[in-house]
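Below you'll find the structure, written out as structure tokens, and then a few comments.
Taken together, the values in this text are just the output of simple stated rules run on the coordinates, not laboratory data. No experiment lies behind these values; they were computed from the predicted model shown. Positions of Cβ are generated from backbone atoms using ideal geometry, with glycine treated the same way; all protein chains shown enter the neighbour counts.
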Amino acid sequence: MKPAPFRYERPRDVIEVLDLLAEHGGEAKVLAGGQSLVPMMNFRLARPEVLIDIGAVSGLDQVLSDDRRVTMGTRVRHVELEHPPFGGPLGSLLADAARHVGHLPIRLRGTFGGSIAHADPAAEWCLLAQTLGADMTVTSVRGRRVVPAEEFFRSAFVTSMADDELLTEVRLPWLDHNWTTGFSEFSRRAGDFAVVAVATAVKMGSGLIVEARIGAAGVGPTPVRLANAEAALVDQPLSPESIAAASEMAGQEVDPRGDIHGSADYRRDLVRALTRRALR
Ligand SMILES: Cc1cc2nc3c(=O)[nH]c(=O)nc-3n(C[C@H](O)[C@H](O)[C@H](O)COP(=O)(O)OP(=O)(O)OC[C@H]3O[C@@H](n4cnc5c(N)ncnc54)[C@H](O)[C@@H]3O)c2cc1C
């Protein structure tokens, strides 16, 4: 299929993008890497009248880090995060997750911000944003606002961004060397979207877990934090026993629906197994 006719705009700076979004609102779509939008247009599931290509807009493709946070420009490509420009537990979490995003040609063009804005319930970056409590910066001619992940992801493919807003950056909290991170995913074939994926981040202090973050994707319309499983880890050593208890809790805590890729029980089992693997 070919897309329905559209007008193509290639602005050079953010102000121009915001003016175009203000002018065309719901009739316009931002084009980032095109790896989700273009197939949807070809199938005519999306029929924007105006396509605003942000590929030439300066200042949206940087990764900045300090000892408090990592700020990811919206246009950072998936492939760049296979080898993030910083190390540590956050660097290794991003690298682990990046390798699961589609195939190399998709990772070469698709963007971090495009994935967050698209809000696929099984997307790796949405899972990490939810698990780590990322902040999304969205901008329009009306001003700028920072939206926490838990408010940003509303439902499958639905975010709290308005039609005239542009996602400009995503801030992830810096994880120092007291943290240890894990990522585990199951998909039917390499490169497919996850059936279920789990991300974990655990902070140690004096031999005990002082903070835990566990998130799962593929178990509902948005990625979810597993608060009971997290609580089961706090004040425990990171041991086979505590990992087994938290994984069991994680499986009980999710409420997935079955579909052609797996029944609800199967997904619950996957959450148990993947939580155990990620924590190990
Ligand atoms: C075969 C295949 C397999 C894939 N497998 C995976 C996978 O395993 N995991 C995964 O996470 N993804 C997967 N993807 C999707 C891929 O990661 C996309 O890159 C991503 O979903 C969207 O990023 P993009 O930059 O291509 O955005 P686009 O396709 O350009 O845009 C997607 C949507 O977000 C909006 N948008 C983009 N940028 C902004 C912005 N800055 N502000 C506001 N709105 C914006 C667009 O208007 C559009 O509605 C796969 C894609 C394909 C084709």
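Against the numbered list (1) more than 16 Å from Arg12 (Cα to Cα); (2) within 14 Å of the ligand (Cβ to nearest atom), Asp61 comes up short only at (1).
Out of Ala199, Ala246, Ala212, one residue alone is crowded, with 17+ Cβ neighbours inside 10 Å, in contact with a Ser or Thr (Cβ under 6 Å, 6 or more places away or on another chain), under 23 Å from Ala149 (Cβ atoms) and not acidic (Asp, Glu). It is Ala199.
Matching residues to (1) surrounded by fewer than 22 Cβ atoms within 10 Å (Cβ to Cβ); (2) within 16 Å of the chain's Cα centre (by Cα); (3) on the phi > 0 side of the Ramachandran plot:
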| residue | (1), (2), (3) |
| --- | --- |
| Gly55 | yes, no, no |
| Gly73 | yes, yes, no |
| His78 | no, yes, no |
| Glu124 | no, yes, no |
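Only one of the listed residues (Asp135, Asp176) is crowded, with 17+ Cβ neighbours inside 10 Å and either touching a residue at least 40 places away in the same chain (Cβ under 8 Å) or closer than 30 Å to Glu16 by Cα (or both). That residue is Asp135.
Among the residues making up the range 90-112, none is surrounded by fewer than 20 Cβ atoms within 10 Å (Cβ to Cβ), assigned to a loop (DSSP other than H, G, I, E, B) and among the aliphatic types (A, V, I, L, M).
Considering each residue of the range 33-49 in turn, none proves to be surrounded by 17 or more Cβ atoms within 10 Å (Cβ to Cβ), within 22 Å of the chain's Cα centre (by Cα) and in a strand (DSSP E or B). Among the residues of the range 148-192, the ones that are in contact with a helix residue (DSSP H, G or I) (Cβ under 6 Å, 6 or more places away or on another chain), small (Gly, Ala, Ser) and not in a strand (DSSP E or B) come to 2 in all. Write out, first by first residue and then by second, each pair whose Cβ atoms fall under 6 Å of each other, whose residues are 6+ apart or on separate chains, and whose first residue, in the range 101-115, is among the β-branched types (Val, Ile, Thr) while the second is part of a helix (DSSP H, G or I) and near the ligand (Cβ under 7 Å from one of its atoms). Partner pairs satisfying both residue conditions: Val101/His78; Val101/Glu124.
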